[in-house]
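Notes for the one structure printed next.
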Amino acid sequence: MIWNRQYECMEREELRKIQGERLSAMVSRVWNTVPFYRQRLQELGIEPGDIRSMDDLPKLPFTTKQDLRDNYPFGLFTVPQEGIVRLHASSGTTGKPTVVGYTKNDIAMWSEVVARSLTMAGVTQSDIIQVAYGYGLFTGGLGLHYGAETVGASVIPISGGNTKKQLQLMEDFGSTVLACTPSYAAFLGEAIIEEKIQKENIKLKAGIFGAEPWTEGMRTEIERLLGIKAYDIYGLSEIIGPGVSMECRCQTGMHIFEDHFIPEIINPDTGEVLPYGELGELVFTPATKEAMPLIRYRTRDLTRLHAERCQCGRTLVRMEKCVGRTDDMLIIRGVNVFPSQVEAVLLEMSETRPHYLLTVERRHNLDSLEIQVEVDESFFSDEVKELEGLRNKIQSAIGSMLGISSTVRLVEPGTIERSMGKAKRVIDNRTR
Amino acid sequence: MIIRQLSVFLENRTGRLTELTGILSENGINISAFSIADSTDFGILRMIVGKPELAEHVLRQKGFAVKVTDVICLIVPDKPGSLHHALGILSENDIAIDYMYAFSSAEGRATVVIRTAVPQAAIRVLSQHRLELVQAGDIYQI
């Protein structure tokens, strides 16, 4: 099923023409309404008339998260407050939160792209969707909610947390689709087993998971625990929220809704645009957004794009699962380390579970990496030599994956904090 | 004659052992024997308790990783050479010991807890040599 065949299956040449028109109109609009962008374009000697097609996109300057902070809260809005119907904000771990605004048309566009996404996972009006993403300032809950209503599914707006209630409603209401973060999906899957809920009382068939990085191993684990097909959804509040891209049934990458969000891959160091197939930083220009369109916004996510036509019939480019975020990336002793790599190692080993915590310290000017891994009852041996053997095995598997040595410490089950939202996987004590 | 031993994974952290003994105490579970095997960052507590099923259940509920293993408990006179005699029988019969721990009591007897991969064989040869083994019923409380 395809929600919007016209745009999702459009010939790429025609799509590029439409993108160019939308880009050109958007640049004129921000020139006239956002002093920040007018000044930045003027500094580069660019006038709106210079941007006429997609070929002109690389001439434009980038926008960074810092630019959003500098213009906090409403400095990048193109419309007066009267035109704004919704505000969302991302948690500001450093400094002020990032604020995004939406007009009525923005909400309609967002609902449309999420409806397209849900349709990719086979969601129809016959489904009952349990939205266990957080509702509130975070875009996850309301984003999925509006999209699911657009499709016509029955929405359970339960939000995140309150696991007992999640399980009760899942059983009683017969939820067929679950939408939440992948770590919470795994947590719910384990809770179903712990609560000894009968498998046949769970009617779930599909899950829509995103908002944090996860691996193929974790997908298999969630699919096994919940007995569903798990789909990856991608988005970020700066661009719209969830629904920037989504996996179809072929699961060969996430289709980007390019008619609204123009993607590019750049070399994060030089800013140079890279061809399809190369790894680099993902950049988006949400050209149709009214309240807060951004020019070439740097997501800090590292991935590749593929433009070959998908077996599902869609012509939209597909992005690979992000390798990591440029800002999630830890540089330890000069080596780039992503938490997702550690997770992949743990999931590949049958004896361990994907509950881990990375702690980076600096002692005598030398970085050290400690990885806490929970001991699971299924592999707990009562012999020291076996547990030490397991620890050494994990240590060497992680060492060969990361290319640096680390210390693995086995901890008691349940000691690593479970998250109801985004999982905390890293403690970097070097910056303190 | 096979005794169920509980093994519990413990992080090396102040107060963790006290939490465990507190849970057993609250549930009226008596510890007949115990030992701790330790490495640099974790320990394995092994113990023989009066109510193994209950202990396993309450400890699991409190989030401990618990494993039940079969051991045998040998009783030897508390005097020189008696342990040597018993171990000699096992080694003559090629029965390897994974680990063991022992304690002596006031009545001039010592109890030796032995973990081996072949407990039935160990029971057989020790019984043939008329060595005394603790019966499960002697330790477990109903």
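The values are calculated or read from the model by the stated rules, or taken from the named source; none is laboratory data. For clarity, every value in this text was computed on a predicted model and none was experimentally measured. Virtual Cβ from ideal backbone geometry, glycine too; neighbours counted across all protein chains shown. These accessible areas exclude ligands, DNA and RNA; they are computed on the full protein's heavy atoms, side chains included. Shrake-Rupley method; radii C 1.70, N 1.55, O 1.52, S 1.80 Å.
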Value of relative contact order over the range A:99-228, rounded to a whole percent, pairs C-alpha under 8 Å and six or more apart: 24 percent
Anchor A:K165: lysines whose Cα lies under 19 Å away (excluding residues fewer than 8 positions away in-chain): A:K196, A:K199, A:K203
Crossing angle, helix B:16-26 versus chain B [Cα axis fit, 0-90 degrees, rounded to tens]: 90 degrees
Angle between chain A longest axis and helix A:384-402 axis [Cα atoms, degrees, rounded to 10]: 20 degrees
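Write down the percent of antiparallel bridges among all DSSP beta bridges whose residues are both part of the range A:330-431, to the nearest 5.
Values: 11 of 19 bridges.
Expressed as a percentage, antiparallel bridges in the range A:330-431 total about 60.
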Alpha-carbon gyration tensor eigenvalues x 5, square-rooted, for the range A:316-393, Å: 27, 21, 8
Label-point separation in nm, B:A96 to A:A307, each point 7 Å along Cα→Cβ: 6.3 nm
The protein assembly as shown: proportion of alpha-carbon pairs further apart than 43 angstrom, %: 35 percent
Summed side-chain charge close to A:V85 - residues other than A:V85 whose Cβ falls under 11 Å, Lys, Arg +1, Asp, Glu -1: -1
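Where the accessible area of chain A is counted over protein heavy atoms with a 1.4 Å probe, how much of it, in %, is carbon and sulfur? Write out the running numbers ahead of the final one.
On the way: 9030 of 18210 Å².
C and S fraction of accessible area: 50 percent.
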Between 0 and 90°, nearest 10: helix A:104-120 axis offset from chain A longest Cα axis: 50 degrees
Largest-first principal axis extents, alpha carbons of the range B:70-139, Å: 32, 27, 22
Set of aspartates and glutamates with alpha-carbon distance to A:K104 below 20 Å, sequence-local pairs under 8 removed: A:E82, A:E112, A:E149, A:E238, A:D259, A:E290
Solvent-accessible area buried by A and B, counting both chains, probe 1.4 angstrom, square angstrom: 1700 Å²
Aspartates and glutamates whose Cα lies under 16 Å from that of A:K424, excluding same-chain neighbours fewer than 8 positions away: A:E212, A:D327, A:D328, A:E343, A:E370, A:E374
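Take the Cβ-Cβ distance between A:I197 and A:V79 as r, set R0 to 41 Å, and report the resulting FRET efficiency rounded to the nearest 0.05.
Working: r = 48 Å, r/R0 = 1.18.
Using R0 = 41 Å, I get an efficiency of 0.25.
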Förster-model FRET efficiency, 22 Å R0, A:S405 and A:L279, C-beta, rounded to 0.05: 0.30
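Given a 1.4 angstrom probe, what's the average accessible area per residue across the protein assembly as shown, in square angstrom? Write down the numbers at each step before the final one.
Values: 25320 Å² over 574 residues.
Computed with neighbouring chains in place, this is 44 Å² per residue.
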Separation in nanometres of the label points that stand 7 Å from Cα toward Cβ, at B:I2 and A:Q42: 8.6 nm
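Any idea what the relative contact order of the range B:3-68 is, in percent, if you count C-alpha pairs under 8 Å spaced at least 6 apart?
On the way: 99 pairs, mean separation 30.5, N = 66.
After rounding, I find 46 percent.
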